[in-house]
Structures are given as C-alpha cells and as structure tokens.
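The values are calculated or read from the model by the stated rules, or taken from the named source; none is laboratory data. What you see is a predicted model; the values in this text were computed from it and never measured. Reconstructed Cβ throughout: ideal geometry from the backbone, glycine too, with neighbour counts over all protein chains shown.
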Amino acid sequence: MATSSAILAESAGLLGPDDPPPYRVLNPGGSSHAVLICDHASNRIPKALGDLGLEPANRGLSPKDIDARTKEIFQPYHRSIAAVIGERRREGVPALISVHSFTHFMGGRERPWHIGVLSNRDRRIAEPLLGWLGANTKARLGDNKPYSGLDPYGYSIETHALPAGLPNVLLEIRQDLIRDPAGQAEWAAIIGDALEAVLADPATRTLYG
C-alpha cells in the first residue's frame, strides 16, 4: 500500500498534510488475477478547495485549477492503476473490474436497474456475469445500462484495459441499494460471488482479439 507521505510528495500545494491521499491501494499482495478499481470511492474534498464552490463543482475552472487537480489527484491515481496492472502482468493477464454507482432518479425519471453491467466489444466477463446474476439473484439487471459501454464510458477502462486487450467490465450499482453498511455488505457479497464464478473461466486470463 502506498503511504500518504509518499503520495503527498507528488503534490504541489493542492493537497495538504491533513487531506486524504488521492488514492489508496488495498490488498496489494492479493492472489486474484482481477484488479478492482473504484474511481469515485470517496466524497472527501481537499481543504484548499472548501466546498468546491457548489453549485456546480468542477465547471468554470481556470487553467491553473485544472492543472492542479490533474497533477495532484488524477495523474497519481492512474499511475497507480498502471503500476498495479504492470505488476500483475508479470504473472499473466489481469482482468480490470471498475466499480461505480448511479443515482436512482435522473432528470425526473426512475432508473429501475439494480446493477448495470457495462462492456464494449469484449464481452467475456459481461455476458457470463449477467447470466450468473440472472440465475442467482432477483436483481433487475442492466446490460449496458444506465450507460452504454459502446460509448466512451469510463476513462479507466478505456485507458488501462481496452488498448491492451485486457478482460474488463464496468459495474454500476444503484446508490439507494448501498447507502448503508448493510446494503454495502450485501452487494459486496453478491458481486464477490459472481466475480469468483465468472473469473474462474480461463478465457478471462487471455488477451482479447
């Protein structure tokens, strides 16, 4: 796990000593060939940014503000992902699993899916995952819902998985289902069981194409 002091050494002033690091690496010695990432895992805001000027947060930024957020948060996070994937590639082909959440309502309309399974052309994880969830849960499933994996659907997958042909999937869990610890534990167990079954397939250990 990277230490806060090591991470903050990359900072140029946006992050202070009392701020959380831009990323955390959990279970770095894990034996699974899957790499799980969560691009929006925290709602913590650097103290230097106050309340982000809400409403809205990231609009109308100056070039200096954009540069600071890019250099001190965005780039360190993605360098960490690339490093973890690079380590796993020494042992074989890792699968990249990106975990997100989505709102129950958007634009005044209900979004009925409990979990969305997003994928692009490589469906080696998405299709069996949808099959497992359909057979073993009563969840309302979204195949490329509420967003489509055929569109630009997540910088991390597009950057770290698709160009390299790594097996991948992006999961979207509805926020009202994981609002409290009980819901979080329930969905962690569901997704964990599903991934364990799907990633046992040797096809998820090979490059696409």
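Here are the numbers for this structure:
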read-out: Counted residues, the range 146-186 - those being in contact with a Phe, Trp or Tyr (Cβ under 8 Å, 6 or more places away or on another chain), buried (at least 17 other Cβ atoms within 10 Å of the Cβ), closer than 20 Å to V198 by Cβ and modelled with pLDDT of 95 or more; value: 5
read-out: Failed criterion for G108 (all others in (1) in the same structural domain as Q184 (by TED's automatic domain parsing); (2) under 15 Å from the mean Cα position of the chain (by Cα); (3) not hydrophobic (A, V, I, L, M, F, W, C) hold); value: (2)
read-out: Residue that is surrounded by the most Cβ atoms within 10 Å (Cβ to Cβ), among those in the range 117-145 that are in a loop (DSSP other than H, G, I, E, B) and within 17 Å of the chain's Cα centre (by Cα); value: I125
read-out: Counted residues, the range 165-188 - those being touching a residue at least 40 places away in the same chain (Cβ under 8 Å), within 28 Å of R88 (Cβ to Cβ) and out of contact with any helix residue (DSSP H, G or I) (no Cβ under 8 Å at 6 or more places or on another chain); value: 2
read-out: Test: residue in the range 24-37 that is more than 16 Å from the chain's Cα centre (by Cα), assigned to a helix (DSSP H, G or I), in contact (Cβ under 8 Å) with a residue 40 or more places away in the chain and not assigned by TED's automatic domain parsing to the domain that holds L162; value: no
read-out: From the options E72, E10, E55, residue that is of a type in the set (D, E, K, R), modelled with pLDDT under 80 and surrounded by 14 or more Cβ atoms within 10 Å (Cβ to Cβ); value: E10
